[in-house]
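The values are calculated or read from the model by the stated rules, or taken from the named source; none is laboratory data. Quantities reported herein were computed from a predicted structural model and do not represent experimental measurements. Here Cβ is always computed from backbone atoms with ideal geometry, including for glycine, and neighbour counts include all displayed protein chains. When the accessible area is computed, the model is the full protein with side chains, heavy atoms only, and any ligands, DNA or RNA have been set aside. Shrake-Rupley method; radii C 1.70, N 1.55, O 1.52, S 1.80 Å.
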Amino acid sequence: GRCLYRTVMQSAASFLKNKVIANSMEKVGILLYGTGESRNQLHFKGITVIQDLDIPSAKRIRELETEAERNFGEFDKRYGLDSTVKLSDVFWVCTSMFHTVCPSKQFHRRLFFFTPTDDPCPLPADRTTAITRAQDAAQSEVDLHLFSLQVPGSSKTFTMGKFWADVLSEDAGLDYGEASSIKLEELARRVRKREFPKRMLRRQRFDLGNGTELGVCVYADIIEAKLPSPVQLRAEDNKPLKSETKLICTKTGRILHPVDDVQTYVILGHEAIPVSKDDVAGIKQMGTPGFKLMGFRPKGCLKRHHSIFH
């Protein structure tokens with residue numbers, strides 16, 4: 001237990017360090033379940049939130065590094081152990097934390113689950129409730145990612161079919177069969193691998209003709225990773241600053257309305273031709289975005305390299 005706990009805490013601290021550089025405005029939280037202590041917003045038994053969802057900081061990283069140094073006796077004294085906790089309650093608490101702090105329109109919600117247990121719900125009733133809670137989380141736009149861990153000295157194989165195959169989406173469980181290593185480097189690599197999930201660029205309509213349409217998803221094989229734009233903060237409390245632009249008349253000093261008082265134009269033949277923003281938007285709109293089926297070509301035109309799996 002201690003070795004796995006230390007490895008996961010060290011991996012979480014490494015994850016926060018990467019977040020400080022890659023995206024310091026994302027929020028990360030740490031939750032333990034199966035503890036004798038109960039500390040969560042829903043007051044469920046056996047669930048301890050050691051770090052609420054918040055942006056990464058040096059203090060939070062130091063706290064995780066301190067957690068990683070606990071031996072089994074110190075962990076038992078600090079948190080205790082209780083194996084009767086219901087996994088459905090864990091999903092419920094996590095979903096509630098996301099709803100409270102991380103709106104789905106502003107954040108990509110992900111739940112990283114570290115466990116060596118392939119059958120956490122031996123009772124049918126608990127299993128059904130847990131699957132229902134996991135499905136509720138998925139409907140709330142929470143992506144579940146499983147990290148199966150191998151207990152040191154144990155030869156038991158982690159079997160997905162006992163429980164986790166029913167709660168994981170196909171993409172979330174693509175690499176569940178990888179041999180779990182107790183080494184920090186391997187676990188940290190797997191966490192970073194999930195840091196950039198496969199996301200579609202956009203959805204478009206595919207017009208097949210005669211009023212028949214399909215919805216298709218557009219993906220890019222390779223997208224350049226860019227640093228996020230800098231965020232200006234107020235020195236007093238480190239809150240993000242909001243910029244506001246106003247147009248002021250140079251002659252009278254009054255504030256101008258961007259639509260009623262301001263006119264845009266283009267120069268044609270040494271003459272200013274008024275062009276409104278609506279006109280520009282209309283010029284850019286060449287039709288309904290999407291794909292249209294124009295016809296078919298012989299099957300022999302297809303080459304092997306045309307088939308791409310995302």
Legend entry - Residue ID - modelled with the highest pLDDT, chosen from residues in region 152-173 that are open to solvent by less than 60 Å² (accessible area, probe 1.4 Å) and in a loop (DSSP other than H, G, I, E, B): PHE163
Inset, instruction - Exactly one condition in (1) outside any helix (DSSP H, G or I); (2) out of contact with any Leu (no Cβ under 9 Å at 6 or more places or on another chain); (3) modelled with pLDDT of 85 or more is not met by LYS17; state its number. - result: (1)
Inset, instruction - Name, by its number, the condition in (1) under 21 Å from ARG205 (Cα atoms); (2) open to solvent by less than 100 Å² (accessible area, probe 1.4 Å) that does not hold for VAL275. - result: (1)
Inset, instruction - Would you be able to tell me the number of residues in region 213-270 that are open to solvent by less than 100 Å² (accessible area, probe 1.4 Å) and within 30 Å of ILE55 (Cβ to Cβ)? - result: 10
Inset, instruction - Identify, from the list TYR33, TYR5, the residue that is open to solvent by 60 Å² or more (accessible area, probe 1.4 Å), hydroxyl-bearing (Ser, Thr, Tyr) and within 27 Å of ASP82 (Cα to Cα). - result: TYR33
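Across region 8-19, what is the total count of residues that are among the charged types (D, E, K, R) and either farther than 30 Å from LYS239 by Cβ or open to solvent by 50 Å² or more (accessible area, probe 1.4 Å) (or both)? Don't jump to the end; show me each part of the working.
So the first thing to find is which residues in region 8-19 are among the charged types (D, E, K, R), and the list is 17, 19.
Next, from what is left, pick out any that are either farther than 30 Å from LYS239 by Cβ or open to solvent by 50 Å² or more (accessible area, probe 1.4 Å) (or both): 17.
Final tally of qualifying residues: 1.
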Inset, instruction - Return yes when ALA22 is farther than 30 Å from THR128 by Cβ, small (Gly, Ala, Ser), in contact with a helix residue (DSSP H, G or I) (Cβ under 8 Å, 6 or more places away or on another chain) and open to solvent by less than 30 Å² (accessible area, probe 1.4 Å) and no when it is not. - result: no
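Residue by residue through region 214-237, note down the ones that are outside any loop (DSSP other than H, G, I, E, B) and over 20 Å from LEU201 (Cβ atoms).
Going residue by residue through region 214-237, those that are outside any loop (DSSP other than H, G, I, E, B) are 214-218, 233.
Hit for region 214-237 is LEU233, nothing else.
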Legend entry - Matching entry among GLN285, GLN204, GLN263 (being polar (S, T, N, Q) and either under 26 Å from VAL142 (Cα atoms) or touching a residue at least 60 places away in the same chain (Cβ under 8 Å) (or both)): GLN204
Legend entry - Residue, nearest to PRO240 (Cα to Cα), within region 41-83, restricted to residues that are open to solvent by less than 20 Å² (accessible area, probe 1.4 Å) and assigned to a loop (DSSP other than H, G, I, E, B): PRO56
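With ASP119, ASP126, ASP136 as the choices, which residue is part of a loop (DSSP other than H, G, I, E, B), in contact (Cβ under 8 Å) with a residue 24 or more places away in the chain and either among the acidic types (Asp, Glu) or surrounded by fewer than 18 Cβ atoms within 10 Å (Cβ to Cβ) (or both)? Please lay out each step first, then the result.
Details: ASP126 fails: part of a loop (DSSP other than H, G, I, E, B); ASP136 fails: part of a loop (DSSP other than H, G, I, E, B).
None of the other options fit; the residue is ASP119.
Residues of region 217-255 being charged (D, E, K, R) and in contact (Cβ under 8 Å) with a residue 60 or more places away in the chain, which ones? It would help to see each step written out before you state the result.
Within region 217-255, the first condition is being charged (D, E, K, R), and the residues that meet it are 221, 224, 226, 234, 236-237, 239, 242, 244, 246, 251, 254.
Matches in region 217-255: ASP221 only.
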